[in-house]
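The values are calculated or read from the model by the stated rules, or taken from the named source; none is laboratory data. If you're wondering where the values come from, they're calculated on a predicted model, not measured in any experiment. Quick reminder, even Gly has a Cβ in these numbers, built from the backbone with ideal geometry, and neighbours come from all protein chains shown. Surface areas here come from the heavy atoms of the whole protein model, side chains and all, with no ligands, DNA or RNA. Shrake-Rupley method; radii C 1.70, N 1.55, O 1.52, S 1.80 Å.
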Amino acid sequence: MISIHNEPQPTDLGDVRVANRAVVLRHVRLHAPCSRADIAARTGLNKATVSSLVGELIDQRLVRETGLTENRVGRPATMLVLDGEPYAAMGLQIGADELVAVAIDLGGNRLLTWRRAFAAGTVSPAETLRALAALSRRAIGRVSAQGRTVLGLTVGVPGLVDPAGTVPLATALGWRDVPVAAELRAALHQPPFTVGVETVANLAALAEQRHGAYAGTTDLVHLTGGVTVGAGIIAAGRLLRGGRGFAGEIGHLSLDPNGPNCFCGSRGCLTALVGLPAVVCRLLPDAADDGPITDYLPELARIVALARQDDPTVLSGLAELGRHVGRGVAVLADLLNPEVVVLGDHLAALAPWLLPAARSELAARSHAPGAGGCRLDASTLSTPAALGGATAALATVEAGRLPTR
């Protein structure tokens, strides 16, 4: 359903015009401001084809002329940049304690970011999907009021997702065989745009590869935090999903057979060691005194505050958590040899205290010298899975299909 493609190339097979339109649009996205002559020279398309394709993209308001000119000998050239003002793409994220909505324009600029505290792990899938549909309708209404057409919507779920958009298993939510895509389409009255579903880890990796500090990296892993831990994997510039879309479930790799129980039924899983509930339980033993935790953000803020105050118990606990993270990343480094592993969500928030121990453990446990060149760093993105969902929703247009307005 969702993939990260290598740079489109001109082709003589299939729908040539659609493929070549994708080439032009990608070039403008990556190299704007640029001229028609630049596009022809860099892509290998002839000038007449480029002129015709650019005309279509301008008519659809996907590209616009800026009036800028190059410093060049001869006739000045009109420069092109992305437009996309009439359009928006939506990304949604289901967490165990929150729902998130993000909308972006064609250039990846955020139009809105909304977070709603919601204890999805304590209610039925139907209740969660009703709340998600209500949040979706509000967000769609907001961007529609700006005169924008929604190009697509993608939902991130902390669990397994099959190609039909069904979630066969999401242990953190207690879900089995939930047809998320079909139910959300029905709740939105079969909207004219695509409704997709992916894992939060895959969408976070997509956001990182497109918008993050390591944008453009061809071999990258985003290690998601939150109630579960997952790995979104970019390999050779493409999203690695596996045979049935279930790749990246490192959160249930057992690192300590004698470790704490995991909600998946095993012991000592990475999730049970460094997932957000485990972190709060380890560092804030009084957190659940007033009842079950349904919103982890305040607890995470308490941990950060204590760490900044150099609380010795918290600092010791964070170093221990960092060592667990490093052991998990060492497995990824040996198995995948990525250029970088990026920590997201609560792991990013705690990175200043986790990273020193995690990097030491990565170096000590990786088989290849220097961890095979793998760097370990923190994400600079907020709500990366929802942002990745919005980015994925642009896929049809970026593949060269003209939107319906």
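Could you check, for segment 63-74, whether at least one of its residues is of a type in the set (Val, Ile, Thr), open to solvent by 40 Å² or more (accessible area, probe 1.4 Å), touching a Ser or Thr at 6+ places or on another chain (Cβ under 8 Å) and within 30 Å of Thr154 (Cβ to Cβ)?
Taking every residue of segment 63-74 in turn, none turns out to be of a type in the set (Val, Ile, Thr), open to solvent by 40 Å² or more (accessible area, probe 1.4 Å), touching a Ser or Thr at 6+ places or on another chain (Cβ under 8 Å) and within 30 Å of Thr154 (Cβ to Cβ).
So if I check each of Leu350, Leu381, which one is in contact (Cβ under 8 Å) with a residue 40 or more places away in the chain, open to solvent by 10 Å² or more (accessible area, probe 1.4 Å) and under 26 Å from Leu321 (Cβ atoms)?
Leu381
Condition (residue is open to solvent by 60 Å² or more (accessible area, probe 1.4 Å), farther than 22 Å from His252 by Cα and either of a type in the set (D, E, K, R) or without any contact (Cβ under 8 Å) to a residue 12 or more places away in the chain (or both)) applied to segment 324-335: is it met by at least one residue?
no
Can you tell me which of Leu355, Leu387 is open to solvent by less than 10 Å² (accessible area, probe 1.4 Å), in a helix (DSSP H, G or I) and at pLDDT 95 or above?
Leu387
Based on what the data block shows, is Leu92 touching a residue at least 12 places away in the same chain (Cβ under 8 Å), open to solvent by less than 20 Å² (accessible area, probe 1.4 Å) and closer than 30 Å to Pro292 by Cα? If you could, list the steps in order and put the result at the bottom.
On the way: touching a residue at least 12 places away in the same chain (Cβ under 8 Å): yes; open to solvent by less than 20 Å² (accessible area, probe 1.4 Å): yes; closer than 30 Å to Pro292 by Cα: yes.
Against the criterion (touching a residue at least 12 places away in the same chain (Cβ under 8 Å), open to solvent by less than 20 Å² (accessible area, probe 1.4 Å) and closer than 30 Å to Pro292 by Cα), Leu92 qualifies.
Quick check on my filter: what residues within segment 248-291 are in contact with an Asp or Glu (Cβ under 9 Å, 6 or more places away or on another chain), touching a residue at least 40 places away in the same chain (Cβ under 8 Å) and within 20 Å of Ala120 (Cα to Cα)?
Across segment 248-291, the qualifying residues are Leu276, Val279.
The conditions are (1) open to solvent by 40 Å² or more (accessible area, probe 1.4 Å); (2) at pLDDT below 95, and Ala170 fails exactly one of them. Which is it?
Here Ala170 meets the rest and fails (1).
Filter segment 33-57 down to the residues that are of a type in the set (Gly, Ala, Ser) and either farther than 26 Å from Tyr87 by Cα or assigned to a loop (DSSP other than H, G, I, E, B) (or both) and list them by number.
Taking segment 33-57 first, the residues of a type in the set (Gly, Ala, Ser) are 35, 37, 40-41, 44, 48, 51-52, 55.
Listed by number, the residues that qualify are Ala37, Ala40, Ala41, Gly44, Ala48.
When both residues are 6+ apart or on different chains and their Cβ atoms are under 7 Å apart, which pairs have a first residue that lies in segment 198-219 and is more than 29 Å from Pro168 (Cβ to Cβ), and a second that is open to solvent by less than 10 Å² (accessible area, probe 1.4 Å) and of a type in the set (D, E, K, R)?
Every condition considered, the pairs that remain are Tyr214/Glu208.
Considering each residue of segment 13-32, count those that are more than 14 Å from Leu80 (Cα to Cα), out of contact with any Gly (no Cβ under 7 Å at 6 or more places or on another chain) and of a type in the set (A, V, I, L, M), and give that number.
Of the residues in segment 13-32, 3 are more than 14 Å from Leu80 (Cα to Cα), out of contact with any Gly (no Cβ under 7 Å at 6 or more places or on another chain) and of a type in the set (A, V, I, L, M).
Select, from Gly268, Gly245, Gly275, the only residue that is over 23 Å from Asn202 (Cβ atoms), under 27 Å from the mean Cα position of the chain (by Cα), of a type outside the set (A, V, I, L, M, F, W, C) and open to solvent by less than 20 Å² (accessible area, probe 1.4 Å).
Gly268
Under 27 Å from the mean Cα position of the chain (by Cα), open to solvent by 40 Å² or more (accessible area, probe 1.4 Å) and either in contact (Cβ under 8 Å) with a residue 12 or more places away in the chain or under 21 Å from Val229 (Cα atoms) (or both): is that true of Thr294 in this structure? Quick ask: steps written out before the conclusion?
Details: under 27 Å from the mean Cα position of the chain (by Cα): yes; open to solvent by 40 Å² or more (accessible area, probe 1.4 Å): yes; either in contact (Cβ under 8 Å) with a residue 12 or more places away in the chain or under 21 Å from Val229 (Cα atoms) (or both): yes.
Yes.
With the requirement that a residue be touching a residue at least 60 places away in the same chain (Cβ under 8 Å) and under 16 Å from Val16 (Cβ atoms), what does segment 42-69 give you?
The one that is touching a residue at least 60 places away in the same chain (Cβ under 8 Å) and under 16 Å from Val16 (Cβ atoms): Glu56.
Filter the strands (runs of 3 or more DSSP E) completely within segment 80-182 down to those with at least 2 residues that are of a type in the set (Gly, Ala, Ser).
In segment 80-182, 87-94, 98-104, 149-157 are the strands (runs of 3 or more DSSP E) which contain 2 or more residues that are of a type in the set (Gly, Ala, Ser).
Could you identify the single residue in Ala236, Ala182, Ala170 that is out of contact with any helix residue (DSSP H, G or I) (no Cβ under 6 Å at 6 or more places or on another chain), on the phi > 0 side of the Ramachandran plot and of a type in the set (A, V, I, L, M, F, W, C)? Give the steps one after another, and end with the answer.
Working: Ala182 fails: on the phi > 0 side of the Ramachandran plot; Ala170 fails: on the phi > 0 side of the Ramachandran plot.
After ruling out the rest, the residue left standing is Ala236.
Does Ala364 satisfy the criteria of being open to solvent by 40 Å² or more (accessible area, probe 1.4 Å) and in a helix (DSSP H, G or I)? Break it down stepwise before answering.
Values: open to solvent by 40 Å² or more (accessible area, probe 1.4 Å): yes; in a helix (DSSP H, G or I): yes.
Spelling it out, Ala364 is indeed open to solvent by 40 Å² or more (accessible area, probe 1.4 Å) and in a helix (DSSP H, G or I).
Taking the stated definitions as given, is Arg302 of a type outside the set (Val, Ile, Thr) and open to solvent by 70 Å² or more (accessible area, probe 1.4 Å)?
yes
Conditions: (1) among the hydrophobic types (A, V, I, L, M, F, W, C); (2) within 23 Å of Thr313 (Cβ to Cβ); (3) surrounded by 15 or more Cβ atoms within 10 Å (Cβ to Cβ). Ala288 meets all but one. Number of the miss?
The number of the failed condition is (3).
Could you say which residue among Leu315, Leu306, Leu321 is without any contact (Cβ under 8 Å) to a residue 60 or more places away in the chain, over 23 Å from the mean Cα position of the chain (by Cα) and closer than 22 Å to Ser254 by Cα?
Leu321
Against the definition (under 22 Å from Arg359 (Cα atoms) and in contact with a His (Cβ under 7 Å, 6 or more places away or on another chain)), how does Leu276 come out, yes or no? Full working, then the answer.
Working: under 22 Å from Arg359 (Cα atoms): yes; in contact with a His (Cβ under 7 Å, 6 or more places away or on another chain): yes.
Here the answer is yes, as Leu276 does meet what is asked.
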